[in-house]
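The values are calculated or read from the model by the stated rules, or taken from the named source; none is laboratory data. Just so we're clear, the structure is a prediction, and the values are computed from it rather than from any experiment. All Cβ positions, glycine included, derive from the backbone under ideal geometry; neighbour counts span all protein chains shown.
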Amino acid sequence: MITCKRFLEELEAYLDEQTTPELRSELEQHLAECPNCWVITDTTKKTIRVYRGMDPYPIPGELHNKLLSALTRVAHRQNPAVGEVLATREELETK
Amino acid sequence: MASTTSPAGFNETPLVTRARAGDLSAFTQLVEKYEGKIFRLARHITNSQEDAEDVLQETFLKAYEHLGEFQGNSKFYTWIVRIAVNESLMKLRKRKSDRSVSLDEQIDTGEDVIAREIAVWEDNPEDKYSQTELREILDQAVKSLPPIFRSVFVLRDIEELSSEETAEILGLTVPAVKSRLLRARLKLREKLTRYFKRKGDDIFDYL
């Protein structure tokens, strides 16, 4: 018989599907009988899902270009033969 | 070098090989591929636009300068994430108001995070808000986590690294990563409940 306390201790393993099949079925039995643990589990799963669904931030073009210029300077310092100046994003877009 | 496949099945190995041989345009393609993720990570850990911009630049410059030291037995992506995490934590430590940031900080093991808010959520809570509003809500919630939880959560659930990779990058044990991740997830769940709960239907209130 799984208690709520025990259920919460195993929640992490349950969410990441790292329990044994036996423990998993005991935990699921508890979920079917305990509305509070069911809500916590469901809303925690949704928490993970909404974060995973977010796209990375768009990088402002100016910031991207600043990074490329800095890289070009470092590359040139390390090896003066690298004279090529990298195309900025605007230049790439107009190609 | 072992062939490594990074997020979304992208095989970074040919680009990394060319970049290591001094091909700057190959390195630039790696920058284009990962800058958004690195910027997001830095933004979350430092909580500052300005610091995140510095971290982004420092990370790729350091990676470029030290490319010769990259062994190729881990993913390039994991390697730059580690640089970005270190740079971000340095920013936090430098900040006067955050003098005590330590990933090894003792965390209380009380049960304070466990479920004060028990309310059913909408089936697709993310659909209740515009992308901009949603981003604001999610970012605010992450921001409220203490740095130790924030770093673990960002690497595991936002950057989607494994517990093992997260442990390696943060210098924690795998069980420590797992227990912090659970607490972070539960804390965020609490924070988000007021935005995502189903309206007019606190069915467990009477319990």
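Just a few scattered comments:
- Summed over region A:1-46, residues that are part of a helix (DSSP H, G or I), among the aliphatic types (A, V, I, L, M) and more than 24 Å from residue B:124 (Cβ to Cβ) total 4.
- Sole residue being buried (at least 19 other Cβ atoms within 10 Å of the Cβ) and more than 10 Å from chain A (Cβ to nearest Cβ), chosen from B:83, B:38: B:83
- Matching option when the condition is under 20 Å from residue B:167 (Cα atoms), modelled with pLDDT under 85 and in contact with a Ser or Thr (Cβ under 9 Å, 6 or more places away or on another chain), among B:103, B:41, B:89: B:103
- For region B:155-178, taking the residues that are closer than 15 Å to residue A:10 by Cα and surrounded by 17 or more Cβ atoms within 10 Å (Cβ to Cβ), the one that is nearest to the other protein chains (Cβ to nearest Cβ) is identified as B:178.
- Scanning region A:1-53 for residues that are at the interface with chain B (Cβ under 8 Å from one of its Cβ atoms) and among the aromatic types (Phe, Trp, Tyr) gives a single hit, A:51.
Residue-by-condition table, conditions (1) more than 24 Å from residue B:190 (Cα to Cα); (2) more than 24 Å from the chain's Cα centre (by Cα):
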{"site": "A:3", "(1), (2)": "no, yes"}
{"site": "A:23", "(1), (2)": "yes, yes"}
{"site": "A:36", "(1), (2)": "no, yes"}
{"site": "A:47", "(1), (2)": "no, no"}
{"site": "A:53", "(1), (2)": "no, no"}
{"site": "A:59", "(1), (2)": "yes, no"}
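- Consider region B:44-79 and keep the residues that are assigned to a loop (DSSP other than H, G, I, E, B) and over 22 Å from residue B:139 (Cα atoms). The one that is modelled with the highest pLDDT is B:66.
- Scope region B:9-24; condition modelled with pLDDT of 90 or more and within 11 Å of chain A (Cβ to nearest Cβ); matching residues: B:19, B:24
- Every residue from region A:47-62 that is in a helix (DSSP H, G or I) and in contact with a helix residue (DSSP H, G or I) (Cβ under 6 Å, 6 or more places away or on another chain): A:47, A:48, A:50, A:51, A:61
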